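**Q** Take this structure first; my questions come after.
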């Protein structure tokens, strides 16, 4: 398993982060009584896709060695979760809660991304939230789809170097979302003293 | 118990050396989050309860509007 320019430790740390966030989402009051679950390889897949997307985006916009800023990291995290959609209904059971099934991944995506820029998205109006959630429900990137297809063939195991080539269409979608997160990063809640 | 008009309450304020030493031994929290992931998880955990409640309300509102 690998992504160019990333150590196995970096990838494992990010996979742990994604796993903790998925568990947090599935334990939330709106989701804990549902049959939603995730494949054990999903956190690792998310970590690989995130770093591959970041590398590809950096090749387009940044000088070698530069780090992406918080708004970009938030947007790329959001996109990764939306495109991979790690939380799924139990395939062996009847679908009982379609609303939760539909919204689990977009809500996870916004939870993760907004905690990176400390934006209180959850306090915005219902209609505002719905527009973003609906956009994320159907968010797909061609470059990520190609990698996911390859990963499916290996039953979730990643035994190759993951890389993506962001297409011009993907780039347009990404840039619009990154710009949203640049604005979100100006609208934040303060760091709490308990931390 | 001194009364509130005790003139000693107007004397220059001095704290005991012991209290000063004790306070000065305090250091920044070594357990504060350091990596990106630790910082993000701490921020997410801090907002978790409120976000969970509002997500549930969002889904309830979705169901309510869908029934109309």
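Each reported figure results from applying straightforward, stated rules to the coordinates on display, with no laboratory input. Computed from a prediction, not measured in an experiment: that's the story for all the values here. Glycine also receives a Cβ, built like all others from the backbone with ideal geometry; neighbour counts cover every protein chain displayed.
**Q** Among the residues of region A:175-189, is there at least one that is within 17 Å of residue A:75 (Cβ to Cβ), without any contact (Cβ under 8 Å) to a residue 40 or more places away in the chain, more than 10 Å from chain B (Cβ to nearest Cβ) and not in a helix (DSSP H, G or I)?
**A** yes
**Q** Could you go through region B:19-37 and let me know if any residue there is assigned to a helix (DSSP H, G or I), at the interface with another protein chain (Cβ under 10 Å from one of its Cβ atoms) and under 14 Å from residue A:115 (Cβ atoms).
**A** Yes, region B:19-37 contains at least one residue that is assigned to a helix (DSSP H, G or I), at the interface with another protein chain (Cβ under 10 Å from one of its Cβ atoms) and under 14 Å from residue A:115 (Cβ atoms).
**Q** Moving on. Within the set of pairs 6 or more residues apart or between chains, which connect a residue that is under 17 Å from residue A:151 (Cα atoms) inside region A:1-18 to a residue that is surrounded by fewer than 16 Cβ atoms within 10 Å (Cβ to Cβ) with Cβ atoms less than 6 Å apart?
**A** A:2/A:161
**Q** Given the conditions (1) closer than 28 Å to residue A:44 by Cβ; (2) touching a residue at least 40 places away in the same chain (Cβ under 8 Å); (3) part of a helix (DSSP H, G or I); (4) touching a helix residue (DSSP H, G or I) at 6+ places or on another chain (Cβ under 6 Å), and given that residue A:166 satisfies all but one, which numbered condition is not satisfied?
**A** (3)
**Q** Among the residues of region A:100-113, write down those that are closer than 20 Å to residue A:16 by Cβ and either at the interface with another protein chain (Cβ under 8 Å from one of its Cβ atoms) or surrounded by fewer than 24 Cβ atoms within 10 Å (Cβ to Cβ) (or both).
**A** The answer is A:111, A:112.
**Q** When you look at residue B:47, is it within 11 Å of another protein chain (Cβ to nearest Cβ), under 22 Å from the mean Cα position of the chain (by Cα), assigned to a helix (DSSP H, G or I) and over 16 Å from residue A:114 (Cβ atoms), yes or no?
**A** no
**Q** Among the residues of region A:138-155 satisfying the criterion of being in a loop (DSSP other than H, G, I, E, B) and under 17 Å from the mean Cα position of the chain (by Cα), which is surrounded by the fewest Cβ atoms within 10 Å (Cβ to Cβ)?
**A** In this case the residue turns out to be A:138.
**Q** Now for a separate question. Within region A:2-35, track down each residue that is buried (at least 16 other Cβ atoms within 10 Å of the Cβ) and closer than 23 Å to residue A:155 by Cβ.
**A** Correct list: A:2, A:3, A:6, A:11, A:14, A:15, A:18, A:19, A:22, A:26, A:35.
**Q** Same structure, new question: Going by the structure shown, is residue A:132 farther than 28 Å from residue B:34 by Cβ and either more than 14 Å from every other protein chain (Cβ to nearest Cβ) or in contact with a helix residue (DSSP H, G or I) (Cβ under 6 Å, 6 or more places away or on another chain) (or both)?
**A** no
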